[in-house]
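Structure record follows, encoded as structure tokens.
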Amino acid sequence: MYRSLCQTTKAIIAATTLTILAQISSAQTYEASSFQSARLQPRAAFDGDMNSRWSADFKSKTAWIQITYAKKMKFKSVTIRSGIRDLRGAPKDFDILAGEPGKLRLLKSIAGNSKDDQTFTFSSKSARCWRIAIKSRINPRWSPTISEIIWGGGGKSSKLDDKEEAGGGSGPKYSAWTRSRGRNGIALAFDGDIKSRFEANKKGADGWIEVNFQDNMTFDALLMRHTSESGRGVPRDFTVQIKKGRRWKSIGKEEGNFTNQPKLRFPAITAKDWRIRVDKLVDDRSYWSPAEIKFMNLGEVDFVPEPEAKVKQVRINKAIDDGIEWLKKKQKPNGNFPSKSAKEFPMGVMALGALALRKSGLDRDDAIIQDFVTRISKFELTKTYSVALYAMFLSSVSTKRYADKLQTLANWIIQQQGPEGLWGYPTGRVDLSNAQYALLGLKACVAGGAKVEKKVWQKAWDWFLKHPEKNGGFHYVPTKKVKIDPITGSMTAAALACLKICANQLPKDKNRLRRSKTVTKAALEWLGKHFVAEMNPGSGRSHYYYLYGVERVGSYYRLRRLGGKPWYMSGAKLLVEKQFSNGSWHNNFEDTCFALLFLRRASSTGG
């Protein structure tokens, strides 16, 4: 009975979602006598995007294109736009027809048209099926081509301007506060295809997308998906509105969105005109670019979970092998790697590359690894990140050969600890990122036999026990005076790693262990609630650094899932798909190293 009830509930959710999608995207049927490709299909002439189009195949001397509505419509005009230079494929002689499917009657014949963006008027009765039948083109060397067909009430429609409109008078009309970039028209955010998207031509916030339905629609939920990495184009603060008279009324608001798939529930309400207004983006350097937008009527049920990510191990192994080869090829004669940080952190850059290669499978006695051991030992100890990464690398090569060196590194890291328990670069203010790597470095040194006094762990542990936010998350800069610093996935993951490291070093400290359990639980709940692989929650930066942090949390706490999602498979799928053909990630040294460390689950083997 329980299984039957679950199946019934899933069926209701699926049916509701499909019904709403049909109302938004598929209330009409688009047909043509022929088409050139999947991208240049009939619907593209009715989507309001002047950068997309329908084009008949090159063998067609004549062609037709039509739209069939679910109910009868009455129009008095049609505007046809080619939008192509030299009017290639624009109709010269054509017929306008209407009626029931299979029973069309001629409304008007047009002969000798010589201009683009012309509106033609006619007399008609209500009909479901409306057709343009092209008999010849202005430029006969090209096949029939149309970028936009707009059926209307009679008057000449305005040209697209900074308020780009879409919909072509058929079904929902879409508009935005700015033109789209390139081929990314507004209607592409509502077509149900996650691979297409709308991308605004304006940076920053204060933007909107509007949907005008022909009939009243009842919704109680909004779902948006963004496929860009690192939070690019993702709204942080946004509002759902409906039109009341001449004014827009807000019915739901989200502030501080942390994922690339923002969801919003609001009281069920009925209206024709709906708007999504963006007040702030996660990454204000980019453009708002939703790949999919769905207004939904869910009722008592919840959003349907995303399908779980899956990728074969053989693909993961190949990605690792290709990444290793890219790193090897990029190594310079001096042994270091191309990085913007190489000038200020030469030891850290080399140690990170060495750690990635070692953890990715290179043997400890491999000539490349031993060369790194020699080269890195010649650097002066100056930076927290650098010394910590050196300790992590050296410990991964051997915990016995370099015991004296690891004790030296531990002593240096201990000396840089601030009075409140954290670390800086080491000069300047302290932060959670330096603190995380300092503790990772000390952990690596201890694995090699180094001695670290209890008070070092206690001071660090106490800070994390006293400074979590009420919601469980953590900031980069540990002070409430810095308002510009958001809670992020990367820093919450860093805090969780630090809490676990300190707990493992002081297993008999029952008082701190008890308090740590509460803080850890809240932080894990925050990270699980906001976990996505596609971006660092709360930030448009440090994406792959965050993924390596997630790998560390998953490994340290022996978790298979975060927030119900398989964290490793989600990250691995994204990394495999985003890897460049040359084996790198974004042709970026740090991203490639962090990607390899994630894919190899480096923290499961002491990293």
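Just so it is clear, none of the values below were taken in a lab; they were calculated from the coordinates. Keep in mind that what you see is a predicted model, and the values were worked out from it rather than measured. Every residue, glycine among them, receives a Cβ derived from its backbone with ideal geometry; neighbour counts consider all protein chains shown.
Odds and ends about this structure:
- Cleavage-rule hits, trypsin sites (Lys or Arg not before Pro), the stretch 349-429, DSSP coil, Cβ neighbours within 10 Å at most 10: Lys378, Lys400
- Inter-label distance, nm, simple model (7 Å from Cα along the C-beta direction), Phe303/Glu525: 2.0 nm
- Here the calculated FRET efficiency for Lys510 and Lys195, from their Cβ-Cβ distance with R0 = 51 Å, stands at 0.40, rounded to the nearest 0.05.
- Cross-link check: pairs Lys244/Lys272; Lys454/Lys521; Lys243/Lys263; Lys125/Lys173; Lys466/Lys521; Lys92/Lys115 evaluated at a Cα-Cα cut-off of 18 Å; pairs beyond the cut-off: Lys454/Lys521; Lys243/Lys263; Lys125/Lys173.
- Gain on full extension, evaluated as 0.36 nm per residue between Thr374 and Asp237 minus their Cα-Cα distance, stands at 44.3 nm.
- Within the stretch 207-237: backbone nitrogen closer than 18 Å to the Lys253 label point (7 Å, Cα to C-beta): 207-209, 222, 235-237
- Segment Lys244-Gln118, length gained on full extension (0.36 nm per residue, minus Cα span): 42.0 nm
- Ordering Gly528, Leu574, Ala438 by Cα displacement along the dipole of the chain toward the positive end leaves Gly528 in first place; charges were set at the Cβ atoms of Lys, Arg (+1) and Asp, Glu (-1).
- Rg and Dmax of the stretch 385-470, based on Cα coordinates, read 12.8, 45 Å.
- Nearest-20 debye value, the stretch 31-156 charge dipole, Cβ charges on Lys, Arg, Asp, Glu: 320 debye
- For the stretch 31-156, the Rg and Dmax computed from alpha carbons only, in angstrom: 13.3, 38
- Spin-label model, Lys76/Asp206: points 7 Å from Cα along the beta carbon direction are separated by 3.8 nm.
- Here the relative contact order of the chain, from alpha carbon pairs under 8 Å that lie six or more residues apart, stands at 11 percent.
- Annotation: for a label point projected 7 angstrom from Cα along Cα→Cβ of Phe266, residues of the stretch 211-226 with backbone N closer than 14 Å are 211-212, 217-224.
- Listed by chain and number, the aspartates and glutamates whose C-alpha is less than 15 Å from the C-alpha of Lys510, apart from same-chain residues fewer than 8 away, are Asp462.
- With a Förster radius of 35 Å applied to the C-beta separation of Lys517 and Arg315, the computed FRET efficiency comes to 0.40.
- For the stretch 335-430: Kirkwood Rh in Å [reciprocal of mean 1/r, alpha carbons]: 13.8 Å
- Percentage relative contact order, the stretch 335-430, counting C-alpha pairs under 8 Å, at least six apart: 26 percent
- The stretch 173-296, relative contact order in percent, only Cα pairs under 8 angstrom and at least six apart counted: 38 percent
- Over every Cα atom in the stretch 455-551, the radius of gyration and the widest Cα-Cα span, Dmax, amount to 13.3, 40 Å.
- Note that the chain shows a convex hull volume over its alpha carbon atoms of 196 Å³ per residue.
- On Cα atoms only, tilt of 543-556 relative to the major axis of the chain in degrees: 60 degrees
- Here the dipole of the chain is about 540 debye; that uses its Cα centre as origin and unit charges on the Cβ of Lys and Arg (positive) and Asp and Glu (negative).
- FRET efficiency, Asp273 to Thr382 (Cβ-Cβ, R0 60 Å, nearest 0.05): 0.50
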